[in-house]
Amino acid sequence: MDQEYDAIVLGTGLKECIISGMLSVSGKKVLHIDRNNYYGGESASLTPLEQCYEQFFGANKKPAPEMGRGRDWNVDLIPKFLMANGSLVKLLIHTGVTRYLEFKSIEGSYVYKGGKVYKVPADEMEALATSLMGMFEKRRFKKFLVWAQTFDPNNQQTWEGLDPKNSTMQQVYEKFGLDENTADFTGHALALYRDDLYKQQPFPPAVERIRLYSDSLARYGKSPYLYPLYGLGELPQGFARLSAIYGGTYMLDKKVDEIVFENGKVVGVRSGDEVAKCKQVYCDPSYVPERVKKISQVIRAICILNHPIPNTNDAASCQIIIPQKQVGRHFDIYISCVSNANMVAPKGWFVAMVSTTVETSNPEAEILPGLQLLGPIAEKFVRVSDVYEPVDLGEESQVFITKSYDPTTHFETTSADVLDVFKRGTTEQFDFTKITHLSLEDNE
């Protein structure tokens, strides 16, 4: 350990593993340490099932015998789906991490409206077939989707009289004559916004997000989402292997006693009597409590079911978004569900997760609208977590801190944070062309 490194990464959460992979690929000498003896930090997959019971209920409570073999379960603490055309998948492909993982398409994407669950219509065909809106609204919505696909900020002919710099998304909805409900599911289930602030902002980013959704959907057809077999715990390990190929060093189960500073700048990390010298540190908030501030809380309920979620067409895996307005809240409620089809549970069993940003002093009551959609629940593991973000950008201290995971069931916010931290640390955008070792076709 007593060597000098360009960067030391603390914690093997997904964000930290991606960053260490990216740094290694960019030619940096990286040491990666985790105080735990397992990969994944907050975003770990727990297996066997007994481990999950122990973490939430203590050592005395055990899974019911009908839940099958404990090691057939992989329970994600923070399940998230990957957008098929999103930035994380591009990162995975560009970094060759896909060769260590197998992905499967998520079967359905749903949205909640007026007490019922509907499939999210994401292309023109589905827009015309959906029962989510009336006939005239369908035509208007179809027209809007076609426009969103062809909009080009550099070609004024595609603007339909709107101005990309000044027209807001609200004005776009009004221009196409879309009602509140349609705007609601467009913003929350297609563009994946968590609240309604985006409506008052210029429209190009929202249109970009809608395009990402439909481009991702076009790749695999059932839904725009992908998910690794055996759970998300596979992702950090894939990036860890990548980092090792490019010369990174990993140490699990290594306690971090101190981050050493000189004149306000980081110079190393101490573990016991050893000090590893470095120019930079990248870490999750738990390693630097004095350098982060709490901005909110997230409640997550992991629910074990022995049936698919009702009204999802018996989907083996799905996502349901409950837009905040539908249940009188500020923030959306997210539901994800995976099963034996994704190798995370024995046959006939499902793992669902309901999550949202906490708004009251009774968080469990806040996720009730989500829990009620699940049908009978065999077991429930509930946790409220604090969400932290760094107090500064790290330029002075050269300590770069990732944000805690938000309640969304997709990875777009995670990727954005990773690319932002990488850019702050290296002062340049990540250059995907630096990855030469591996390609998706597996040629070495």
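Going highest first, how would you order 266-279, 29-42 by mean Cβ packing within 10 Å?
Values: 266-279: 17.0, 29-42: 20.9.
So the order, starting with the most tightly packed, is 29-42, 266-279.
Over the residues of the chain, the helix contribution to mean residue ellipticity at 222 nm works out to -7500 deg cm²/dmol, using -39500 (n - 2.57) for each DSSP H run of at least 4.
What do you reckon, how do HIS188, HIS330, HIS307 stack up by accessible area (1.4 Å probe), largest on top? Spell out each step's value before the answer.
Values: HIS188 0, HIS330 125, HIS307 35 Å².
Largest accessible area first, the residues go HIS330, HIS307, HIS188.
Taken about its Cα centre, the stretch 212-305 carries a charge dipole of roughly 300 debye when the Cβ of each Lys and Arg holds +1 and the Cβ of each Asp and Glu holds -1.
Normalising by the residue count of the stretch 1-119, find the relative contact order in percent from Cα pairs under 8 Å and 6+ residues apart. Reported as a whole number, the value is 19 percent. For the chain, the longest principal axis of the alpha carbon atoms and the long axis of helix 14-25 meet at an angle near 60°.
May I ask you to derive the FRET efficiency for VAL384 and GLN429 from their Cβ-Cβ distance with R0 = 30 Å, giving the value to the nearest 0.05?
Step by step, r from the Cβ atoms, then E = 0.25.
Here the accessible area of the chain is 48 percent carbon and sulfur, with a 1.4 angstrom probe and all protein chains present. Expressed as a whole percent, the proportion of Cα-Cα pairs in the chain lying more than 30 Å apart is 47%.
Cut-off 19 Å, label point 7 angstrom out along Cα-to-Cβ of GLU364: give me the residues of the stretch 293-314 whose amide nitrogen falls inside. In the stretch 293-314, the label zone of GLU364 (backbone N under 19 Å from the point 7 Å along Cα→Cβ) covers 297-305.
Farthest toward the positive end of the dipole of the stretch 1-142, out of MET67, ILE19, TYR39, is the Cα of MET67, where the dipole comes from beta carbon charges about the Cα centre. Separation of the alpha carbons by more than 30 angstrom is noted, of LYS175/LYS423; LYS90/LYS254; LYS175/LYS403; LYS277/LYS403; LYS80/LYS254; LYS294/LYS325, for LYS175/LYS423; LYS90/LYS254; LYS175/LYS403. Between GLU54 and GLN156, the distance separating the two model label sites (each 7 Å from Cα on the Cα→Cβ line) works out to 6.8 nm. A 1.4 Å probe run over the protein chains yields, for the chain, 43 Å² of accessible area per residue, whole-number rounding.
The HN-Hα couplings worked out from phi for the stretch 245-256 by the Karplus form 6.51 cos²θ - 1.76 cosθ + 1.60 (θ = phi - 60°) are 4, 8, x, x, 10, 10, 9, 8, 6, 10, 7, 10 Hz, whole numbers, x standing for Gly and Pro.
Shape analysis of the stretch 84-146 based on the Cα gyration tensor places the equivalent ellipsoid semi-axes at 33, 15, 8 Å, largest first.
The values are calculated or read from the model by the stated rules, or taken from the named source; none is laboratory data. Small disclaimer: the values here were computed from a predicted structure and weren't measured. Ideal geometry is used to build each Cβ from the backbone, glycine not excepted, and the neighbour counts take in all protein chains shown. Accessible surface areas use protein heavy atoms only, side chains included; no ligands, DNA or RNA. Shrake-Rupley method; radii C 1.70, N 1.55, O 1.52, S 1.80 Å.
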